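Accompanying notes for the structure given below.
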Amino acid sequence: MKKLSKEFWRGLWVTVLVMGCLFGCTAYYALQERKQKEEFRRWDNKRREAVQRGLDSIRLHNDSIRKSVSTKKGKGGIIIGTDDDDRDPYDDPDFDDLIPGEEYDEEFVDRSQGDPELYN
């Protein structure tokens, strides 16, 4: 009987020791995984904030461009996206005024003399 109780207690202690080691390893790996998830969350939050700051910066830049274009439209400045963008400048009767440098009337581009009664 003494031998049975001695083996029983020894088996019980070995079982408790093995179970304690398994529980300790499980707790250690659970804490390590929790730490990694917190670190990933922190990194992801920083990344999201950086992306949001970039988007806000782009939005602010685009708003300032829209504002400056809308104020220039009222003052006769640059107008973006009108239907006149595809018109031919040579359809204008004064097209030679658009060409920099020496300007001639359309009749005198070849530098010939015009009718003196009309142009003198």
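The values are calculated or read from the model by the stated rules, or taken from the named source; none is laboratory data. Everything numeric here is computed off the predicted structure, so don't read it as measured data. Cβ atoms come from the backbone with ideal geometry, glycine included; neighbour counts cover every protein chain shown. Keep in mind that these areas ignore ligands, DNA and RNA; they rest on the heavy atoms of the full protein, side chains included. Shrake-Rupley method; radii C 1.70, N 1.55, O 1.52, S 1.80 Å.
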Check your understanding: Counting only the heavy atoms of the protein chains, how much of Leu60 is accessible to a 1.4 Å probe, in Å² to the nearest 10?
Key -> 120 Å²
Study note, to complete from the structure: Ignoring ligands and nucleic acids, Thr15 exposes an accessible area, probe 1.4 Å, in Å² to the nearest 10, of 80 Å²
Study note, to complete from the structure: With label points set 7 Å from each Cα along the Cα-to-Cβ direction at Asp63 and Val51, the distance between them in nm comes to 2.2 nm
